[in-house]
Amino acid sequence: MTLRIDKVIARQQEKIADGAYYEAHQQLRVIAARYIKQGNYDAAAEILAGGATALLRAGSQQGASASGGDLAIMLVVEVYVKAGWEIAGGGDDAEGRARKKRLIELLREFPSEEPTRKRFIQEMLGWSGRFGLIERGDPDLYHAVGSVYAEDHEPYEAEKHLVLGTSESAETLAKLEYEWYTNDEPHTAGIYAARAVIPFLLIGNLRSANKAFLIFTSRLSSANPSIGVQEVSSASSDVRVYPALPLLNFINLLLLSIQRGAADLFKQLTTHYATQIREVGILDDALPQIGEQYFGIKIPRQGNPLFDMMGSMLFGGGQGGTRGSAQGRSQPRKVEAPPSTMELD
């Protein structure tokens, strides 16, 4: 069977090499569909992956890459999903890891301008969420997608995928943001540092947030030896202060306040740096969420008078929800810690 499949792939690769892209594409679809109907998903996967790779490498001439993208999408939708293949969950799941690796390798074959890549990414992440351990999708795949977008200088797409990636994603995102920053004015460093840090905080990944900040500021200092930096020490911590970059100082102290669970420091920071905070659009919505998530500072919510009245009538006292729902509702986590006495710069 393996020999037969190899021969099929070899014949179609010869056609692709000769420029017969459409013919090879159609024959690969037909052969793969036959194996799928027989339930031989492994054979179909080999044929589709091999054909997709060859066509994607042929480039965009005469629609070769589009045909390759179509086969790659068929691989996910008609094989991975229909076969119910589970994504690797760690341990000794060699088959699962191999299946995931195949998709990552295919992703890297896509030309950056090929429109079918976006659909392939959506289907790939959708499969990983449906048949994996994490509903939103597999971190390895998110990291691979974000890295590809970063290499293609598509920062917005890179950001939203890397933040859901692996422990390596923080470094990739920080380097991306720093490179993006180098095309802007020197005083905007804090804006780009915020883009590397805040998304990780919003999903509760404090470790990656700290890592991203450290990498960004290390690159900033290395590339700009003349930048003013002051070391401020207290009994409990050491902080590097950038007198000319107040927004960068805010992010640094924000991370420190979260580590300590110091709600008072958080409130002082948002007041002291209010002017700088207004410069960064993402902070307007993010900071109230961070306050609720890490310090238990509830976000004021506008009530609906009709719903409030109905809640009062049906459940008494405006409690809302079913009996006992107060115990079932998740409350924002509040970290207990002694109040900070660190002075703000």
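The values are calculated or read from the model by the stated rules, or taken from the named source; none is laboratory data. This structure is a prediction, so every number in the text was calculated from the model and none was measured. Counting neighbours? That spans all protein chains shown, and the Cβs are built from the backbone with ideal geometry, glycine included. Keep in mind that these areas ignore ligands, DNA and RNA; they rest on the heavy atoms of the full protein, side chains included. Shrake-Rupley method; radii C 1.70, N 1.55, O 1.52, S 1.80 Å.
A few comments on the model shown:
- Rounded, prolate or oblate (a/c below 1.5 giving rounded, otherwise prolate when a/b exceeds b/c) for region 1-147 by Cα gyration tensor: oblate
- Counting only protein heavy atoms and a 1.4 Å probe, region 83-170 has 50 square angstrom of accessible area per residue.
- Furthest towards positive pole of dipole, Val163, Trp180, Ser218, structure part region 161-252, Cβ charges: Val163
- In terms of the mean number of neighbouring beta-carbon atoms within 10 Å, the peptides 69-76, 259-266 order highest first as 69-76, 259-266.
- Relative to the 2.2 N^0.38 Å rule of thumb, region 139-275 has a C-alpha radius of gyration ratio of 1.05.
- Segments 158-170, 55-67 sorted - mean Cβ within 10 Å per residue, highest first: 158-170, 55-67
- Per residue, the convex hull spanned by the Cα atoms of region 178-223 measures out at 57 cubic angstrom.
- Note on region 199-302: Cα-only Rg and Dmax are 14.1, 49 Å.
- Pairs of alpha carbons in region 40-93 separated by more than 19 Å make up 37% of all such pairs.
- Surface calculation, 1.4 Å probe, protein heavy atoms: Ile203 sits at approximately 70 Å² accessible.
- Each residue, Gln61 and Ser218, gets one label point 7 Å from its Cα in the Cβ direction; the gap between the two is 4.5 nm.
- Taking Lys and Arg as +1 and Asp and Glu as -1, the other residues whose beta-carbon sits under 15 Å from that of Lys211 total +1.
- When the solvent-accessible area of region 1-152 is split by element, carbon and sulfur atoms take up 46 percent of it, the probe being 1.4 Å.
- Residue-count net charge about Gly50 - beta-carbon cut-off 14 Å; Lys, Arg +1, Asp, Glu -1: +1
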